[in-house]
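Inspection log for the structure reproduced underneath, given as structure tokens.
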Amino acid sequence: MRCIRLYGQFLRVAVLGKVQYKADFFVGIISVLVLNAVNLSLLGILVYNFNTLGSWGIWDLMFLYSFWMMSRGIYGVFFRHLADLEEMIVNGTFDAYLVRPASPFLQFIGKDISYTGVSDFLVGLLGFGLVSVQTDLQWRAGQWVYFVLCVLSGALIQMAINWIGASLCFWTTRSGAAMSIAERFTVLMQQYPVDIFGKYFQIFVTCFLPVAFINYYPSVVLLRKAAGEIPAWQYFTPLVSVLMLVIAAFVWTRGVSRYAGTGN
């Protein structure tokens with residue numbers, strides 16, 4: 001409970017710092033909206049020319065994209081600054097977290113928020129609303145609970161992947177390239193159905209870098225896109241998020257325990 005209160009205080013300070021720059025806030029929000037409009041336009045052009053991607057029509061793809069944007073929005077607000085760890089390690093500013101009477105991770109994760117994540121989430125919410133109207137979604141209560149759990153779990157999976165990538169700094173000092181590759185790969189995967197890339201690729205994004213659990217498998221379940229009966233493991237997005245967080249926490253803990261500073 002003390003950690004939660006402390007994290008809340010860190011976030012409060014971060015929010016107060018952000019609201020001092022209102023122009024930057026609005027420019028950031030607008031730029032993200034424009035970027036998402038371009039992505040959706042490209043997706044629409046692709047489907048218009050090919051009618052479908054596999055068995056996925058335009059509204060199925062809109063659902064897939066909107067699902068990801070809601071998860072990405074949550075991740076973006078609270079965890080986008082994981083990429084800052086590299087510069088903090090290089091500059092030696094991370095050392096300050098190690099001498100304070102609080103968890104270094106709690107201090108680091110609470111040091112900032114990204115308001116552009118709000119824009120991502122709103123785009124996802126708007127897209128989901130359009131899909132709901134166009135496809136007349138009629139879900140049972142259990143499906144709505146599963147949907148909300150998977151949106152949150154998708155955000156945590158993205159957070160865990162980037163947490164692991166950021167933690168590599170403790171060994172390599174710089175991990176920006178690895179994080180950039182993982183980020184670009186994740187973005188690409190969330191805009192298209194994984195099954196169009198082939199079996200071996202699907203195995204990779206399911207078992208080794210489990211980004212398929214962020215939005216693809218939940219979408220298969222909720223939209224009933226499987227050819228036959230849906231395998232039980234495709235429902236496991238919440239469990240995958242927990243497993244990824246455990247792995248990320250282990251990597252972070254080992255990294256902090258061996259960190260000796262960079263001398264800056």
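The values are calculated or read from the model by the stated rules, or taken from the named source; none is laboratory data. Every value quoted in this text rests on a predicted model; they were computed, and no experiment measured them. Using ideal geometry, Cβ is built from the backbone for each residue, glycine included, and neighbour counts are taken over all protein chains shown.
Per-structure values
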quantity	calculated
Test: residue in the stretch 137-147 that is buried (at least 22 other Cβ atoms within 10 Å of the Cβ), touching a residue at least 40 places away in the same chain (Cβ under 8 Å) and over 25 Å from Y259 (Cβ atoms)	no
Only one of V187, V211 that is in contact (Cβ under 8 Å) with a residue 40 or more places away in the chain and out of contact with any Leu (no Cβ under 8 Å at 6 or more places or on another chain)	V211
Unmet requirement for D60, which otherwise passes all of (1) within 19 Å of the chain's Cα centre (by Cα); (2) of a type in the set (D, E); (3) surrounded by 17 or more Cβ atoms within 10 Å (Cβ to Cβ)	(1)
Elements of type helices (runs of 4 or more DSSP H) contained in the stretch 164-264, each with 3 or more residues being under 21 Å from the mean Cα position of the chain (by Cα) and under 26 Å from H81 (Cα atoms)	176-191, 237-258
Contacts under 8 angstrom Cβ, first residue in the stretch 157-173 being of a type outside the set (S, T, N, Q), partner crowded, with 24+ Cβ neighbours inside 10 Å and not in a helix (DSSP H, G or I), 6 or more apart	I157/I214
Those helices (runs of 4 or more DSSP H) lying entirely in the stretch 13-130 with at least 2 residues in contact with a helix residue (DSSP H, G or I) (Cβ under 8 Å, 6 or more places away or on another chain) and at pLDDT 80 or above	58-79, 85-91, 95-98, 104-109
Filtered residue count, the stretch 131-158, keeping only those that are touching a helix residue (DSSP H, G or I) at 6+ places or on another chain (Cβ under 8 Å) and either aliphatic (A, V, I, L, M) or not in a helix (DSSP H, G or I) (or both)	9
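One line per residue, one yes/no per condition, for (1) among the hydroxyl-bearing types (S, T, Y); (2) farther than 30 Å from S132 by Cβ; (3) surrounded by fewer than 23 Cβ atoms within 10 Å (Cβ to Cβ); (4) in contact with a Cys (Cβ under 9 Å, 6 or more places away or on another chain):
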position	(1), (2), (3), (4)
I157	no, no, no, no
G165	no, yes, no, no
I181	no, yes, yes, no
V187	no, no, yes, no
Y200	yes, yes, yes, no
C207	no, yes, yes, no
